[in-house]
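In what follows, a single structure is set out as structure tokens and then discussed.
The values are calculated or read from the model by the stated rules, or taken from the named source; none is laboratory data. None of these values were measured; they are calculated from a predicted model. A quick note on method: Cβ atoms are made from the backbone with ideal geometry, for glycine too, and the neighbour counts reach across all protein chains shown.
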Amino acid sequence: MEKATADFGRVAKPEEMDDFQNMFMSSCFEVIAPVPDVERCLSKLAERYRLGIVTNGPEDMAYTKLERLGLSRLFPKETIVISEVVGYHKPDWRIFSAALRLFDAKPEETLFVGDNWEADVAGAIEAGMDAVWINPGKLQPATGHVPLAVVERLEQLADILT
């Protein structure tokens, strides 16, 4: 907010920035709603695989999102690697390494699934993992990395893994 207002030759007061941040966060959380097909897919996958999350952003937001999505039971706090906590952001290989250590897993036995080419797919591949790109917009890859698969919806992942 401070930088944005400065671009227009204005200065925002700290309380205005706090108010804006609170309104922004509230608006973000209002649009987060459970998607039954996603929960069913993840529940099915959890029967066969260990699931975890690697996410950029603040710790409190990650937990709030999971709660609002109804996914907290599938992703307890000890299965989540958060950039704010570990000090590295995707696509930095060190955040992926933190996840591998958490799960005591090797890169070659780990599949990373994400919707951001650079942060999720390229980052995971650079860390030695296979990756699946969730690409509903049918975007073109930004680099020459080759994912294991490209899907339009998370629910299609079960078909790839069975």
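Summary table below
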read-out: Residue count for the stretch 15-63, restricted to those that are small (Gly, Ala, Ser), over 20 Å from residue 85 (Cβ atoms) and either at pLDDT below 80 or assigned to a helix (DSSP H, G or I) (or both); value: 4
read-out: Residue 128 being assigned to a loop (DSSP other than H, G, I, E, B) and in contact with a Pro (Cβ under 6 Å, 6 or more places away or on another chain); value: yes
read-out: Test result for residue 121, assigned by TED's automatic domain parsing to the domain that holds residue 53, in a strand (DSSP E or B) and either crowded, with 17+ Cβ neighbours inside 10 Å or in contact (Cβ under 8 Å) with a residue 24 or more places away in the chain (or both); value: no
